[in-house]
Amino acid sequence: MTLLQTLISGLLLGGIYSLISMGLNLILGVVRIINFAHGELLMIAMYISFLFYSTMGLDPYVSAILVIACLFLLGIITQRFLIQPILDTPASTKIFATLGLSIALQNLALMTLSADHFSVRTSYQSDVINIGELAISIPRLIAFIVAISVAVLLYLFLKKTMTGKAIRAVAMQRQAAYLMGVNVKKIYLLAFGIGSALVGLAGAMLMPIYSVYPTLGTTFVLIAFVVVVLGGMGSMFGAFFGGLIIGLVEALSGVLLDTGLKEAVYFAIFILVLLFRPSGIFSLGKGAEEVGLK
Amino acid sequence: MMHIIKKNKFLLLLGIVALLLPLFVHSKFHLNTLILLLLFATIAGAWNILGGYGGQLSLGHTIFFGLGAYTSSLLYLNYGTSPWIGLIAAAAISIAAGIFIGWPTFRLKGPYFTLATIAFAEVIRLLCLYWRDLTKGSMGINIRFEPGLSNLIFREYSSYYYFALVLFLISLAIVYWVDRTRVGYYLKAIREDEDSAETLGINVTKYKMIAMVISAGLTGVAGVLYAQFMLFFEPESVFNLNFSIEIALIAIVGGMGTVYGPLLGAAIIVPLNEILRSSFPALSGMNYFIYGIVLVLIVSFMPNGLMPVLKRIPKKFKSRKKVQVSGSRKKTAS
Amino acid sequence: MKKFLMFLMAAMLIVLTACGGKEAGGGDSDTLEIGALFPLSGDLALLGEESFRGAELAVEEINKNGGIDGKKVKLVKGDATDADAAQAEANRLVNQENIKAIVGSFSSSISFAASEVAERNSVLYWELGAVSDSITDRKYKYVLRTNPPASYFSKVHVDFINDVVAEKLGKNVKDIKVAITHEDSSYGTTIAEEAKKLAEKEGINVVSVQGYSAGTNDLSSVVLNLKKAAPDVLIAVSYMNDAILLTRQSAELGFKVPVFLGSGGGHTMADFQEAVGDKADGIFDVDFPQYSINREFTPGMDEFLKMYKDKYSKDPRSGHSLSNYMGMKVVLDVLAEVGEVDPDKLKDAALKYKAEAGKTSTGWGVEFNPENGQNTKSEPYVHQWINGELITVWPKKVSLEEPQISNK
């Protein structure tokens, strides 16, 4: 029974990780940048969601659309004014620019909103569906369903629409896409915008589950990287399943091994995947690492 | 040897200043800052060999730093082994860890290598927290303050300063050697284009490994100095991701793949940290907020660090002179 | 090359001049300066700041009343986000600002690193909030601590189980199953280890110990392990984020424990109650004194609360500010006796300083153990969340209500 419940809890946790990682996947896959400020985007999304709740009494699920819009804008601004000017610089520059942004945003939140932990309280928050002895938390289930929907919609968007095809073209071959007449800069803006908007969605879904505080992002950002690389960069379903795997690994190793080691276990698995299948478990064909990420 | 000294008169001068500095600087605070500056310059210099010359952007260098600190301290506390021997043990363990990590991860490129090093550092930090019987976990390691040369614990900060200075000079010499020999050229070639380097017949893995071994060993030794100077550390302070970031940052700000870049970077970042921390007591967070902004600005406007910018200044100066000269010639001609 | 070296020299000069504060000792003759090291940014900022506020209020109070011999007292702040920053900041305070006594620090690792610097420079380090026993176990000459360490916490845990829980549950102490869960920084680890040691010594059955990283996103495995162990009593040591998660996920996964004993940190905070609502009700919390307490035993608390509200325009987030306030008042009392910031004289005067229990704003007495500098008359109390309020329930002398335990 415990094992079955662990699997369910792990899957639900995985849904949360997937949700957070899919935006990062898009940014990493298309713009090719290790965005260390990803966690801070999540933190901002949750603060915005909380502000809508505390000032206007909006339920996080209702205000989600507003949060998404805010984050889309924020993403575009970040890309246009921070990332775009340094696109052609060495990898180190890009990493450290986003790291600087991450530190600045964390402390901006501390200065303006203090270190207090803010949470929302809703009636359904602690509701649970019970199947026999098994329990499924409603907000976590919602997050899970949203994660699946996002994966499917994003897949369709990238496969079927012109814009989506352009994004994929840029992700695969920047140079070739440019020669084919794709406006690469615009695609980058769009990818960063959509990636951030997805973080906004994640933030809204997380608000009933977690409380928000300035350093919240640091607890999620490394996991997001692990998930993206594990699943395979650029593959939306990869990020989705990558999230589920990490969630399961975390929950299972906590129960079967030791709760103090669960993080170590998923980092170890991450290393193993990197070593034996660096392109990620779900990436198809040629791995991104062979494209030569620089 | 002579020609090096002749060529680097200023270097000699700087060395003399560095040697005499404790005679003039009496404030322990300034000495403390200088010791940290040299320590960071040493570690960033070590990082620079792998990250700057070899282009292998590691954000896991705390592994070697922390292993160094823990190795010598545990030997000292459990078996009474002198930290002088601990230095060798620390270097050995760090090098072993470097080989262990480098051997499989050198196949990875770009962000994948970086993420792998972060993951290794996290695993080691978490294991160190977990394995309390050996490491005391988060309670940390506390070395008793018993000054003595054999304990490598000194009452005077100036002794630590000289120790740090010697360590730094050794690292500088090694980097200088790397810079001037085949190893450095090969590493740079690997950084620019690994595949072409391979095609040209460079044994890529071998040279990456050489860089890793030197880098890890030096960092481990620096960890011992840190432990003996601080006398208290815990997994969070020596295996912290932020620490890895700071090491790389110093090298990047100074100038990756340059001999003096890490020193320059440390001379900027370490005092900047000190000044910022004490500058805004009224508003928590302001100090690190500014730090973050400064970081963004530095890397955005000087993506290759300060060293190349500084090197360019005299050239610009010269070329402007030339233009002026030729311009005036034209004038006379007309 | 020349340019570079000149630049380097300039940079070094900047270091030396920019940090070139005053060299003459002791500060101005009409102020008494004391260093204050707390984590004011970073992960520990929430409780670090709350702690600092208490010290700040005590100093403002004394200055409003004319200071010490007409001299104002000034707190020189240092932001010690972690052990490394604590080392550097302690160095700055001691060697740059010429501080001769430092108070701090909320976090044990910060305290370790900073007191190491203080001891080496013969500067007094007066701890007001960090709980790791080893801080005073080192028997440093210049370390004092007003607040109770982890071992006092676990003594209260075990005494409370022996005296109250056993009877209320109608069980023999030997039959009570205790589980422990803790975050794995030094705060959680020390309290958990002390509790385990003491409980096992008393013959209490410890069935499960679950450590986890404080930055964790998920405690489902902890909760499931605890559910399997089915304890009668759960001792939890958590920060904020994990305290909220533990309560929420326990409810989600249907884990109930008759007696939930928190140990300060998150379980004390108003934000915690805010986050989990009525799920907080019934949770016990072993911690420094809080505000719904027998005020007759804690004279001066009303004044403290008023001052706090006047300055920060809201109620304290937790009792951390109060115990730092009380500790700082002891520091200031001792300072008033000595009249100057001299580490040796302060230490001597502190060892002679005595206060009876029930006469301070925390109710703690004061008597320092001359051997290690620990205040032996300090103690944590047991509080309980009852209808959204954290009310002191044990021991009797400070309690407002009976501990409520339902054996279901």
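Points to keep in mind about this one:
- Computed over chain C with a Gaussian network model linking Cα atoms closer than 10 Å, the most mobile of C:S185, C:S111, C:S323 is C:S185.
- For the stretch A:95-106, backbone phi angles converted through the Karplus equation (6.51, -1.76, 1.60; θ = phi - 60°) give residue-by-residue couplings of 4, 6, 5, 6, 5, x, 4, 4, 4, 5, 5, 4 Hz, Gly and Pro being listed as x.
- Cα-based convex hull volume of the stretch B:28-241 per residue, rounded to whole Å³: 110 Å³
- Solution diffusion estimate, µm²/s, Stokes-Einstein, the stretch C:263-356, Kirkwood Rh from C-alpha pairs, 25 °C, viscosity 0.890 mPa s: 158 µm²/s
- For C:K177, a cut-off of 19 angstrom between C-alpha atoms picks up these aspartates and glutamates, skipping any fewer than 8 places away in its own chain: C:D159, C:D163, C:E167, C:E193, C:E194, C:E200, C:E202, C:D232, C:D285.
- Set of the stretch C:31-66 residues, backbone N closer than 17 Å to the point 7 Å along the Cα-Cβ line of C:E340: C:31-34
- Sequence-separation-based contact order of chain B, relative, with Cα cut under 8 Å and 6+ spacing, percent: 30 percent
- Helix content alone sets the calculated 222 nm mean residue ellipticity of chain C: runs of n ≥ 4 DSSP H residues at -39500 (n - 2.57) each, divided across all residues, give -12500 deg cm²/dmol.
- Unsatisfied cross-links (Cα-Cα over 31 Å) in the set C:K72/C:K306; C:K168/C:K397; A:K159/B:K109; C:K197/C:K345; A:K159/A:K262: C:K197/C:K345; A:K159/A:K262
- Residue by residue along A:264-273, Cβ atoms of other protein chains within 10 Å of the local Cβ number 5 on average.
- Taken over the C-alpha atoms, chain C has Rg and Dmax values of 22.2, 83 angstrom.
- The distance between label points at C:E401 and C:E371 comes to 4.1 nm (points 7 Å beyond Cα on the Cα→Cβ vector).
- Under a Gaussian network description of chain A, with springs only between Cα atoms under 10 Å, the residue in A:I136, A:I167, A:I20 that fluctuates furthest is A:I136.
- Across all Cα atoms of the stretch A:2-291, the radius of gyration (one decimal) and Dmax (whole number) stand at 18.6, 59 Å.
- Distance between the pseudo-spin-label points of C:N172 and A:I148 (7 Å out from Cα toward the beta carbon): 5.3 nm.
- Exposed loop sites are taken as trypsin sites (Lys or Arg not before Pro) in a DSSP loop (any state but H, G, I, E or B) with at most 13 other beta carbon atoms within 10 Å; the longest stretch of chain B without one runs B:156-334.
- Positive-end residue, the stretch B:28-241 charge dipole about Cα centroid, Cβ charges, pick of B:F233, B:G52, B:N32: B:N32
- Size of the protein assembly as shown from its Cα atoms: along the principal axes, largest to smallest, the extents are 102, 72, 58 Å.
- Net charge of neighbours whose Cβ lies under 10 Å from the Cβ of A:V30, counting Lys and Arg as +1 and Asp and Glu as -1: +3
- The residues packed around C:D348, meaning those with a beta-carbon under 15 Å from its beta-carbon, carry a net charge of -1 if Lys and Arg are +1 and Asp and Glu are -1.
- The stretch A:192-257 and the stretch C:227-297 have Cα centres separated by 27 Å.
- Placing +1 on the Cβ of every Lys and Arg and -1 on the Cβ of every Asp and Glu, with nothing else charged, gives the stretch A:2-291 a dipole about its Cα centre of roughly 1060 debye.
- Pairs beyond 28 Å (Cα-Cα), from A:K94/A:K185; B:K136/C:K100; C:K314/C:K352: B:K136/C:K100; C:K314/C:K352
- Antiparallel bridges, percent of DSSP beta bridges restricted to chain C (to nearest 5): 25 percent
- Protein-only accessible surface order, largest first, of C:D69, C:D333, C:D232 at 1.4 Å: C:D69, C:D333, C:D232
- Each 5 Å bin from zero holds the following percent of Cα-Cα pairs in the stretch C:130-239: 2, 12, 21, 21, 18, 13, 8, 3, 1, 0.
- Placing R0 at 30 angstrom, the Cβ-Cβ distance between B:S159 and B:L77 gives a FRET efficiency of 0.90 after rounding to 0.05.
- Between A:L87 and B:R107, the FRET efficiency estimated from the beta carbon spacing at R0 = 35 angstrom works out to 0.85.
- Gain on full stretching of the segment that runs from B:I16 to B:F145 - 0.36 nm per residue minus C-alpha separation: 43.3 nm
- Integer Hz, Karplus 6.51/-1.76/1.60 couplings in order for the stretch B:196-201, x for Gly and Pro: 5, 4, 5, 4, 6, x
- Here the spin labels are modelled as points 7 Å beyond Cα on the Cα-Cβ line, and at C:D278 and C:S292 they lie 1.5 nm apart.
- Comparing B:I247, B:I313, B:I143 in a Gaussian network model of chain B where C-alpha atoms under 10 Å apart are linked, the largest mean-square fluctuation is found at B:I313.
- Formal net charge of residues neighbouring B:L129 (Cβ-Cβ distance under 13 Å; K, R +1; D, E -1): -4
- At most 12 other Cβ within 10 Å, DSSP loop - trypsin sites (Lys or Arg not before Pro), the stretch C:269-370: C:K314, C:K354
- Kyte-Doolittle mean at least 0.5 and Cα axial length at least 30 Å: DSSP H helices in chain B: B:83-105, B:110-130, B:157-180, B:204-230
- For chain C, the relative contact order comes to 17 percent (Cα pairs under 8 Å, sequence separation of at least 6).
- Across the accessible surface of the stretch A:2-291, with the other protein chains kept in place and a 1.4 Å probe, carbon and sulfur atoms take up 71 percent.
The values are calculated or read from the model by the stated rules, or taken from the named source; none is laboratory data. Treat the numbers as computed from the prediction; the structure is a model and nothing was measured. For neighbour counting, all protein chains shown are included, and Cβ atoms are generated from backbone atoms with ideal geometry for every residue, glycine included. Keep in mind that these areas ignore ligands, DNA and RNA; they rest on the heavy atoms of the full protein, side chains included. Shrake-Rupley method; radii C 1.70, N 1.55, O 1.52, S 1.80 Å.
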